[in-house]
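Reviewing the structure listed below.
Every number here is computed from the coordinates shown, using simple stated rules; none is lab data. Keep in mind it's a predicted model, so treat the numbers as computed, not measured. Quick reminder, even Gly has a Cβ in these numbers, built from the backbone with ideal geometry, and neighbours come from all protein chains shown.
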């Protein structure tokens, strides 16, 4: 078919007669690359499939993203009764074990270390060459995962404060109508929280993989961290502390057959290392806590944590911020926050380009 789904994130529901409630599912769909799919299985367990692989519990997928224990997960996403039931069974799970499990579902039969699994997942999701949302996909993803799109018609849990002046911009328990949402939009930079620093962002290379450093954090210059050797002779090609210049990169490229694989991967990838350094950031999300009712005797009177993605994002590949926000949206649906999508609506479809059709033949 020439008409396909546009790149974005979509959620749907299916009423289960036996359970007498809705079951929800979600799909993060790129123009090119690995799908992320959310679904509910038996016994109220939520699952994830990455790149059409076998499914793993959603809680384990969250661990794999870098949330290393239950306390951190509950602090970020809020307490969720569906996740809680699985935490009891998998008390020994952590990020490394979850990454290995996720890898094993995609590459069945292969046993690898956590570092290998981490590198594989990183290139599968966060590499522009393998994952592409396209411009329209990024626009639609940002629109769907905007924290404020979900917050309308709820009540603020806490005072919304300007931390620089301590001014109360909106008081707690205020009803978030369109006018109040607009005020939040104008001050949305106060909603931003850093969930992971540079070192713990799954999108970034680990410290062991990074072969340069900065002498002055205020300047852009990068220096070689350790001696770069000729793997055949042991001769030093560049000594540590050498300033990385275009001449250094060209010399390495001319002697590529003499270099260690890690050196080639770091210095001679398609992306300039100074550009890579600029893109090495933490993970930022916009977060808001709301009530669905301000009546303490109402069943809807409980805190709901809404996590949106970083609305400043322009990258054409998915980011960890996007994935975290897509999980939050999925969990929010079970708390009566958010809305499902009409996938058959033409606004959620696009025409395949002639080049795409030829490429797929």
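When the chain is treated as a GNM with alpha-carbon contacts under 10 Å, the residue of 268, 320, 133 showing the greatest mean-square fluctuation is 268. Taking other C-beta atoms within 10 Å as the exposure proxy, 334, 103, 301 rank 301, 334, 103 from fewest upward.
Could you compute the FRET efficiency for residue 277 and residue 16, with r as their C-beta to C-beta distance and R0 at 51 Å, rounded to 0.05?
Working: r = 49 Å, r/R0 = 0.97.
Once the sixth-power term is evaluated, E becomes 0.55.
Once the Cβ-Cβ distance of residue 254 and residue 219 is raised to the sixth power relative to R0 = 25 Å, the FRET efficiency obtained is 0.35. What percent do you get for the relative contact order of the chain when only Cα pairs under 8 Å and 6+ apart count? Relative contact order here is 20 percent. For the range 187-257, the alpha-carbon coordinates run over 57, 24, 19 Å along the three principal axes, in decreasing order. Given their separation in residues at 0.36 nm each and the Cα-Cα distance between them, residue 193 and residue 79 gain 39.2 nm when the chain is fully extended.
Tell me the angle of helix 114-126 to the major Cα principal axis of the chain, expressed in degrees between 0 and 90 and rounded to the nearest ten. The angle comes out at about 70 degrees. The calculated FRET efficiency for residue 247 paired with residue 206, based on their beta-carbon distance and R0 = 30 Å, is about 0.60.
Relative to the longest principal axis of the Cα atoms of the chain, the long axis of helix 134-144 makes an angle of roughly 40 degrees. Taking 144, 55, 315 as the candidate residues, the one with maximal mean-square fluctuation in a Gaussian network model of the chain, Cα springs under 10 Å, is 315. Remark: spin-label model distance residue 168-residue 54 equals 5.5 nm, labels positioned 7 Å along the Cα→Cβ axis.
Taking the longest Cα principal axis of the chain as reference, the axis of helix 320-333 is set at about 20 degrees.
When 1/r is averaged over all different Cα pairs and the result inverted, which Kirkwood radius in Å belongs to the chain? Kindly include the intermediate steps, with their values, before the conclusion.
Working: mean 1/r = 0.0440 Å⁻¹.
For the chain, inverting the mean 1/r across all distinct Cα pairs yields 22.7 Å.
Here the sum of -39500 (n - 2.57) over DSSP H runs of 4 or more residues, divided by the residues of the chain, equals -9500 deg cm²/dmol at 222 nm, to the nearest 500.
Each label was represented as a point 7 Å from its Cα along the Cα-to-Cβ direction; for residue 227 and residue 239 these points are 1.0 nm apart. Modelled this way, with points 7 Å down the Cα-to-C-beta line, the labels at residue 108 and residue 134 are 3.2 nm from one another.
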